[in-house]
Amino acid sequence: GLRRTNTALEDELLELRDQLEEEEESLGYLEEMRHRKDLEISELRKQLDAESEARDKYEAAKNELERDLAELRRSLETEKRLRAEAERAARKADANLQDLKSR
């Protein structure tokens, strides 16, 4: 009877050791997967940072171009106004000249 109990206990101990080994392997696998996921997350964060930086540069360039465009439009409007004033002055001068010639 004692031998049977001893054998049963040894069998149970071997079974528990096998279970422990399986759980350790499973834990090792899970830890490796966690490490891989941590690396993936780190890589995704780097990509997100790079995309955010690219977006910021794009926005800054766009804003600068919009400012340049607004300045060019103002310059064009000023040029049109000055041209119109010059044409009016030229017509007036021409009219004055014609008036003087007719006297």
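The values are calculated or read from the model by the stated rules, or taken from the named source; none is laboratory data. Since we're looking at a predicted model, the values are computed, not measured. The accessibility values were calculated without ligands, DNA or RNA, using every heavy atom of the protein model including side chains. Shrake-Rupley method; radii C 1.70, N 1.55, O 1.52, S 1.80 Å.
Side notes on the structure shown:
- Some residue of region 5-23 being under 36 Å from the mean Cα position of the chain (by Cα) and part of a helix (DSSP H, G or I): no
- Scope region 16-42; condition open to solvent by 100 Å² or more (accessible area, probe 1.4 Å) and hydroxyl-bearing (S, T, Y); matching residues: Y29
- Just one of the numbered conditions (1) more than 21 Å from the chain's Cα centre (by Cα); (2) at pLDDT 95 or above is not true of R45: (1).
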